[in-house]
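No lab work stands behind these numbers, since they all come straight from the coordinates. This one's a predicted model, so the numbers in the text were calculated from it and none came from an experiment. Cβ coordinates were reconstructed from backbone atoms using ideal geometry, including for glycine residues, and neighbour counts include every protein chain displayed.
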Amino acid sequence: MFVITADQRNSRSSDDAVTATLASLNDARTNDLVLPAERTAGDEVQMLLTTTRATLDIALDLTRTEQWSVGIGLGAVPTPFGSSVRATSGPAFIAAREAIDRAKRSPAKCAVESSPTSEFVGDIEPLLELLVLLRNRRTENGWELYDLLRTGITQADAADRLGISPQSASQRALVAGLRTEEDAVRALTNLLDRAHRELSADHGASRDNPRLLSTKEGRS
């Protein structure tokens, strides 16, 4: 499963962003959240998710605001779940804690960790960092086009709404790196899926054969 732990940046010198962020997440992401997202320690928010794409989308939405450091954790979460996110635990939560600690020192303010360690996750983090840094350079005009296209309309319709020519919209999309982002999100989703399947298979094998887990731990 996937856990996101996000810590508000510069919280001592800025208004609290946790309340509004939680309200938005719990309203718009009801179908993606296993349990309602909630405030944990101080200015942190935490959530438990089951789908790769929702995890990636939420991480990108949070980093876009430049208000959050974001840690993504992959791993098992034993059932039954707790009554709340704060009452739930497992390797995915431990991985998210390690990720958020590293994210605070990252240029992209985003990091990924898994428990146990996965080779795929080692490939995911630098690609995710590049994508976040690409998005951080996007202008307001680029974001305006991005937000329109995200609603599902065509680029030609977006150009019409913006009052610009289709050629200008294509140029704006190119400068904003929208096609690059689309391809990168697809690749990252695939890698996260593969990492998740690998961890799920390892967890299942270890649960069926506890000696397998002890052997792996002995080699690490």
When the stretch 18-43 is checked residue by residue, the ones that are part of a helix (DSSP H, G or I) and not β-branched (Val, Ile, Thr) are 20, 22, 23, 24, 25, 26, 27, 28
Residue set 153, 72; condition exposed (fewer than 15 other Cβ atoms within 10 Å of the Cβ), of a type in the set (A, V, I, L, M) and either outside any helix (DSSP H, G or I) or touching a His at 6+ places or on another chain (Cβ under 7 Å) (or both); output residue 153
inquiry  = Please determine whether any residue of the stretch 19-30 is surrounded by 15 or more Cβ atoms within 10 Å (Cβ to Cβ), of a type in the set (A, V, I, L, M, F, W, C) and under 19 Å from residue 151 (Cα atoms).
reply    = yes
Residue pairs within 7 Å by beta carbon, gap of at least six or interchain, first lying in the stretch 7-29 and closer than 15 Å to residue 69 by Cβ, second among the hydroxyl-bearing types (Ser, Thr, Tyr) and surrounded by 15 or more Cβ atoms within 10 Å (Cβ to Cβ), listed first then second, are 7/69; 9/69
Apart from one, (1) in a loop (DSSP other than H, G, I, E, B); (2) over 20 Å from residue 25 (Cα atoms) all hold for residue 83; the odd one out is (2)
Every listed condition ((1) closer than 20 Å to residue 197 by Cβ; (2) out of contact with any helix residue (DSSP H, G or I) (no Cβ under 8 Å at 6 or more places or on another chain); (3) in a loop (DSSP other than H, G, I, E, B)) holds for residue 77 save (2)
Taking the stretch 1-17 and the residues there that are outside any helix (DSSP H, G or I) and of a type in the set (S, T, N, Q), the one that is farthest from the chain's Cα centre (by Cα) would be 14
From the option list 78, 126, 116, 91, single residue qualifying as surrounded by fewer than 17 Cβ atoms within 10 Å (Cβ to Cβ), under 19 Å from the mean Cα position of the chain (by Cα) and not hydroxyl-bearing (Ser, Thr, Tyr) is 126
